[in-house]
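Derivation of every value follows stated rules applied to the coordinates shown; laboratory data play no part. None of these values were measured; they are calculated from a predicted model.
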Amino acid sequence: MAMLVDHIVALEREADGIIAQAQDEAKQLEEAAHAEIASFRQETARQLEERVEAFRNETEKRHRRAVEEAESELALALKAIDTTPEYVLKKQVDRIIERFCEW
């Protein structure tokens, strides 16, 4: 009977060892999973920053082009006004005044 008790105690110790080892492995897996999650979050944040920066740069380029086009159109319009003969401008002003007087 003593031998049976010794055998049961030995099995319990072995089971305790297996359980402790399983708990250690589970803890290591959990730590590895947390590290992998943190790495994934950092990579995702980095990729997002790159995409935002690329979008910002493209938007700034489009804005600069739009401003340049508007400035070019303005310059052409001002040049057209500057090159319009004085008598044509006076004639247009007289027509505008005549319309106002008709009201």
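Some notes on this structure:
- Calculated mean residue ellipticity at 222 nm for the chain: -36000 deg cm²/dmol, from DSSP H runs with n ≥ 4 weighted as -39500 (n - 2.57), summed, divided by the residue count and rounded to 500.
- A simple rule links phi to the HN-Hα coupling: the Karplus curve 6.51 cos²θ - 1.76 cosθ + 1.60 with θ = phi - 60°, which for region 89-103 gives 4, 4, 4, 5, 4, 4, 5, 5, 5, 4, 5, 5, 5, 6, 7 Hz, with x for Gly and Pro.
- Rule-of-thumb Rg ratio for the chain [Cα; 2.2 N^0.38 Å; N residues]: 3.27
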